[in-house]
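For reference, the structure is listed below as structure tokens.
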Amino acid sequence: MAYSTQPIKLIHLIFGSSAFALLLLLTLGTVLVLWLNADIKATLSSSDWSIIRFTVSQAIVSATISVLIAIPTARALFFRNFKGRKFILTIMGAPFILPTIVAILGIIAVWGRSGYISEFISNFNINPLNIYGFTGVVLAHVFFNIPLATRFIVQGWAAIPIEHFRLSAQLGINTSGISQHIERPMLKSVIPGIFLIIFLLCISSFAVALALGGGPKATTIELAIYQSLRFDFNFAKAAQLGIIQFSLCAILGIMTVLFSKPVQFSSGLDIKIERWDRTHFRYLLFDIFILTFVCLFLFLPLLSIFIRGIIPIFSLPNTVWIAAFNSILVAIVSSIISIGMAISMSGLIVRVSHKFPITSQTIEIVSFLTLAASPFIIGTGLFILIFPYISPFTIALPITALVNAAMALPFALRMILPAMARAEKNYGKLADSLGMTKFSRFRIAIWPRLRRPVGFSAGLAAALSMGDLGVITLFAPVDVATLPLIMYRLMSSYQISAASGVALLLVSLSILLFWVFDRGGQLEHNIR
Amino acid sequence: MNKFINFAAGFLLASVTTASADDLPKLTIYTYDSFVSDWGPGPAIKKAFEKTCNCELNLVGAGDGAALLSRLQLEGMRTQADIALGLDTNLTARAASTGLFANHNNSLKNLNLPIDWSDDLFIPYDWGYFAFIYDNIKVKNPPKSFQELIMMPDDFKIVIQDPRSSTPGLGLLLWVKEAYPDRAAEIWEGLAPKILTVTAGWSEAYGMFTEGEADMVLSYTTSPAYHIIAENDETKSAANFDEGHYMQIEVAAKLASSKNPVLADKFLEFMTSNDFQSIIPTTNWMYPAVLAKNGLPDGFEKLISPSKSLLIPSDKAENVRSEALSEWLTALSQ
Amino acid sequence: MSITLDNIKLSHGAFNLTANLKIESAKKIAIIGPSGGGKSTLLSTISGFKSPDQGKVFINGNDVTLTSPSERPVALLFQDHNLFPHLSVKKNVSLGINTSLNLTETELDIVNKALSRVGLKNYDNKMPFELSGGEQQRVALARCLLRKKPVLCLDEPFAALGPAMKKEMLSLVKEIVESTNATLLMVTHQPEDALHISDETILVSGGIANIPENTSELFSDPPPELIKYLGA
């Protein structure tokens, strides 16, 4: 992968390698800290084993259900043309922008013991639903991952040449034939990757287990780490669990890198494909059913947040606004760090790749591996690392910004690196021949090609950070909070109305931040 | 202990320090969330103490009682807290061993507790009995023992608190262990299917109960007093258990790292005074550690009295705790 | 078989196509014109992938306007992606006989003969990715042969091939079409392709499909739109 013939200059080395070093410190460094602190030899108790079992089994079940629902959803979305299709596809493309805790509140409003559905079925003398525990955790994970899985599969459909559909129509291949010759081979190539990514996301999702887990029976490894640190003051236990969690994630992460194709977050999939089978009424009925079901499943909780939050949002206490300010600050700083690291690393990778292809590939793979390090593990490692020197609570917000930046890095890198490589390839020589150097070379020749991916990934990073409820729970001092944390506290004290107000504010701010950054990347330039 | 809180955004945020006149010394107290809520004792206590102390009282909610101790351990000598308020006898030995707390100079002689009290570090401010609270309209035949609770129908659900973060949760753990020293694990296995969920703190659990998510919640025999007195609602009752009820004695202590030791002592003195104690029954909904001059308010006479009072001495509680905790974790994680 | 497009009108966004023409049976027709002019749309209309907003399509005198692609007597060969990548050459060709892929001995024999005919004897167990672009198109052509459709449509099928290979393929197509008496419609950008293979040429430009004209006459005396397209 020779990107360019550019010489490696000191500036690239300094920025690139310090970004890389920071990443290594955050990922492998924190794991090393855990390893040194963990009582590795200590045997796992039966309750530890049941925590591991729960973590893995909920992830398998969540990933399986998400994929199973996504398959028919993607098919219907891809082939049916209806009003709102574009909107649904857009929403499906941006699942990360919705803060986890907001979605959880919505899910409780719909599926909780006193939610809409329980209320409805109580008319038929059916016991109310119990959302706490395994069911609730799986339900929330399925909610988050149906859009992701659907998006992946629609991408799979879109990658199939239209000729294959026409060929099938000509040859008179029927619906089951199409499923055999077109859909199944496509699914076979995309499903393993989707499954692994969802599996990984579910294994390391903290907020869902925190809010919907129901005691020791429904505790994930990350929740157990949180409890060891915050309730038991037991660093060795937290570190031991941290090592287990990291091993799980690392194995899955490596498998994901090996088996999955990159997600495309931004490109539109608004291609209209005609199909000449599936004209039968029963297929239409089925497609209508699945789309209605999925839309209700996804949009009802969000709608409930809007309905419940629209009035309280105007009477939120000052403390919420202070937290909102904290959150925005953390999100912006986190986004800047993330983009700064991604650009620095891309600059180095693009140059190193020419002379030392293996080194650059290693850098690339290790950077993507951050996906495998859960933010919680990084947070736990940092907590134990800095505890002897300064109170972890005094630097809650900077740490949160830093960890969130590391989490957004793989996404940013995946978008910025190819753009920079292309810019160097297409315009690098031209810039050199015109005698551009240093910053003006970057500003005039390279930056305009990076603006779009930088804007998009900065928006994504900011939104991710805005909605994060992970590291902050470990570090939050009693007198500082972020919006998701305040929302969680309100929820746990059953102030549903205030929590809904905060939820609406939080989701609006996330979308706004994303939009501002993304637009910023698109302004004033006419690049096709 | 009033935990009838919940409902004000205020408490969360009791956290965010209000701007203060710079010249006044500030006394910071870490306590449990419900204590600082608008409905809890916090506002009245703050007002009463600030009237005499020429200082600013900063009450900070730091989770539930047990999480409070862990929080202090994590902050260590760097903590801003001058006083920790809201630990109980089940935690005092563990708390004492951290070395974070300083001796008090209170004579303790006007205390009016069901047990004798002599502790150099911790001073009690209220007490009560743990009990399960139910709605006597919905539940006609409440269980009268742990055994009966186990035998309740499948859809009868209770909410309890995590013994690692919450003092009621820990109290229940020791209640079961004290009532059934050899059969605790078995009792927990029986209770497991009845438990809707385990919350981190008392507020969460009680909120779930009042919202109708659960049939019974672990709280105090004094909890119905809140509904009777504050809401004129007699539908909430405490289930009287044949095994007896475990007692909680809530305490406070000064941190060794306090930068305002004199002011801290002054607060601890105030804590056993009539001003503080008379606020407790109708805000924290517990029995005061020193009976106020005018006695208990009307409504408290309607509360149940346990047939037998259980309490593991604080020096033994820590050992019992670790064994009982692993039994609990094992039973509930299956 | 003859093909009649009776007052066809079709629009898709800003794009329009009108066609009112007749193609005689067993003629070889080239379709030429600028990109985006509607050449592929014309083929799609005849093969049934696009239905006209108004007008009717007749093949051999039968109204096929509402007939599905598989029911029409038309085989269409695309520029690319004519083969399923996960099926072997043999299976890809077999689809032309039976889409369930359960072939009898005799049917397999027919498949092998078709492969020989296009010069790919013993290629039956290869996978598409092992073949060159020209070979892949031959496999697809073999399948068209099997299907015995009286109308063969080629949508720039050899555009990606080198000159020698393309000439070879055109000759093969010509030979096959003549021996089966089929009607051929072929979209192309190259006048020499049209001259090499076709009797008549349809010029599609500015959203209008003109009536077929004798190819050599058309190119010797081109109308203004064709001159503009050819650039000379």
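Coordinate-derived values only; no laboratory data. In this text, all values refer to a predicted model and were calculated from it rather than measured experimentally. Counting neighbours? That spans all protein chains shown, and the Cβs are built from the backbone with ideal geometry, glycine included.
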Region C:26-102: relative contact order from alpha carbon pairs under 8 Å, six or more residues apart, as a whole percent, is 17 percent
Ranking A:Val350, A:Phe393, A:Leu13 by how far each Cα lies towards the positive end of the charge dipole of the protein assembly as shown (+1 on Lys and Arg Cβ, -1 on Asp and Glu Cβ), the top one is A:Val350
Candidate cut points under trypsin sites (Lys or Arg not before Pro) in region A:83-142, DSSP loop plus at most 13 other Cβ atoms within 10 Å of their own Cβ, are A:Lys83
The size of the Cβ-based charge dipole (Lys, Arg +1; Asp, Glu -1) of the protein assembly as shown about the Cα centre, to the nearest 20 debye, is 3460 debye
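Based on Cα coordinates alone, diagonalise the gyration tensor for the protein assembly as shown, multiply each eigenvalue by 5, take square roots, and list the semi-axes in whole Å, largest first.
Over the Cα atoms of the protein assembly as shown, the ellipsoid semi-axes are 72, 32, 25 Å.
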Checked against the positive end of the charge dipole of chain A (+1 on Cβ of Lys and Arg, -1 on Cβ of Asp and Glu, about the Cα centre), the farthest of A:Leu434, A:Ala421, A:Ile288 is A:Leu434
Under 5 Å from the placed amide H of C:Met186, counting only residues 5+ away or on other chains, we find C:Ile29, C:Ala30, C:Ile31, C:Leu154
With the label point 7 Å along the Cα-to-beta-carbon line of B:Ser305 and a cut-off under 11 Å to each amide N, the hits in region B:235-256 are none
Taking alpha-carbon centroids only, region B:67-143 lies from region A:456-528 a number of Å equal to 37 Å
As straight-line cross-link partners of A:Lys86, the qualifying aspartates and glutamates (C-alpha separation under 14 Å, not fewer than 8 residues apart within one chain) are A:Asp270
Reduced to Cα centres, the span from region A:290-340 to region B:193-250 in Å works out to 33 Å
Going residue by residue through region A:45-51, the Karplus relation 6.51 cos²θ - 1.76 cosθ + 1.60 with θ = phi - 60° gives ³J(HN,Hα) values, rounded to whole Hz and with x marking Gly or Pro, of 6, 5, 6, 4, 4, 6, 5
per DSSP, antiparallel bridges as share of beta bridges in chain C, % nearest 5, sits at 50 percent
The ³J(HN,Hα) series, computed from each phi in region A:188-196 with the Karplus coefficients 6.51, -1.76 and 1.60 at θ = phi - 60°, rounded to the nearest Hz and given as x for glycine or proline, is 4, 7, 9, 4, x, x, 4, 4, 5
XL table C:Lys28/C:Lys228; B:Lys194/B:Lys316; B:Lys26/B:Lys259; B:Lys51/B:Lys266; C:Lys28/C:Lys174; C:Lys9/C:Lys148; Cα-Cα > 18 Å flagged, in table order, is C:Lys28/C:Lys228; B:Lys194/B:Lys316; C:Lys9/C:Lys148
Expressed as a whole-number percentage, the relative contact order of region B:138-259 with C-alpha contacts under 8 angstrom and at least six residues apart is 33 percent
C:Leu172 and A:Ser508 label points (each 7 Å along its Cα→Cβ direction) are spaced in nm at 6.6 nm
Taking placed amide H atoms and a strict 5 Å upper bound, the residues 5 or more places from B:Ile304 or on another chain that come that close are B:Ala238
Residue-normalised 222 nm signal for chain C, counting each DSSP H run of n ≥ 4 as -39,500 (n - 2.57), nearest 500 deg cm²/dmol, is -10500 deg cm²/dmol
With a Förster distance of 22 angstrom and the Cβ-Cβ distance between A:Leu13 and A:Ser433, calculated FRET efficiency to the nearest 0.05 equals 0.35
Length gained if A:Phe314 through A:Ser46 is fully extended, taking 0.36 nm per residue and subtracting the Cα-Cα distance, is 91.6 nm
XL table B:Lys254/B:Lys308; B:Lys236/B:Lys302; C:Lys91/C:Lys121; Cα-Cα > 21 Å flagged, in table order, is B:Lys254/B:Lys308
In this structure, the FRET efficiency calculated for C:Ile211 and A:Ser57 from their beta-carbon separation, with R0 = 60 Å, to the nearest 0.05, is 0.30
Averaging 1/r across every pair of distinct alpha carbons in chain C and inverting yields a Kirkwood hydrodynamic radius, in angstrom, of 18.2 Å
Computed, not fitted: 222 nm per-residue ellipticity of chain A from DSSP H runs ≥ 4 (each -39500 (n - 2.57)), nearest 500, equal to -23500 deg cm²/dmol
To the nearest 20 debye, chain A has a Cα-centred charge dipole, built from +1 on Lys and Arg Cβ and -1 on Asp and Glu Cβ, of 1320 debye
Phi-derived 3J(HN,Hα) across region A:32-38 with the Karplus relation (6.51, -1.76, 1.60, θ = phi - 60°), rounded Hz, x for Gly and Pro, is 4, 4, 4, 4, 5, 8, 6
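Taking the DSSP beta bridges in the protein assembly as shown as the whole, what percent of them are antiparallel, to the nearest 5?
55 percent
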Distance in nm between A:Ala250 and B:Asp38 label points, each 7 Å along Cα→Cβ, equals 5.1 nm
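Taking Cα pairs under 8 Å and at least six residues apart, what relative contact order does chain C come out at, in percent? Don't skip to the answer; put the middle values down first.
Values: 430 pairs, mean separation 68.7, N = 232.
Relative contact order, chain C: 30 percent.
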Spelling it out for B:Ser145: with amide H atoms placed in the peptide plane at 1.01 Å from N, the residues 5 or more places away or on another chain with amide H under 5 Å from its amide H are B:Asp242
Note: C:Ser51 to C:Leu195 extended length (0.36 nm per residue) minus current alpha-carbon separation gives 48.8 nm
With 0.36 nm assigned to each residue of separation and the Cα-Cα distance removed, A:Leu284 to A:Arg443 gains 52.0 nm
At q = 0.14, 0.18 Å⁻¹, the log10 of I(q)/I(0) for region A:372-528 from a Debye sum over equal Cα scatterers comes to -0.83, -1.07
Label model pair C:Ser100, B:Ser326: point-to-point distance (7 angstrom along the Cα→beta-carbon line) in nm is 6.5 nm
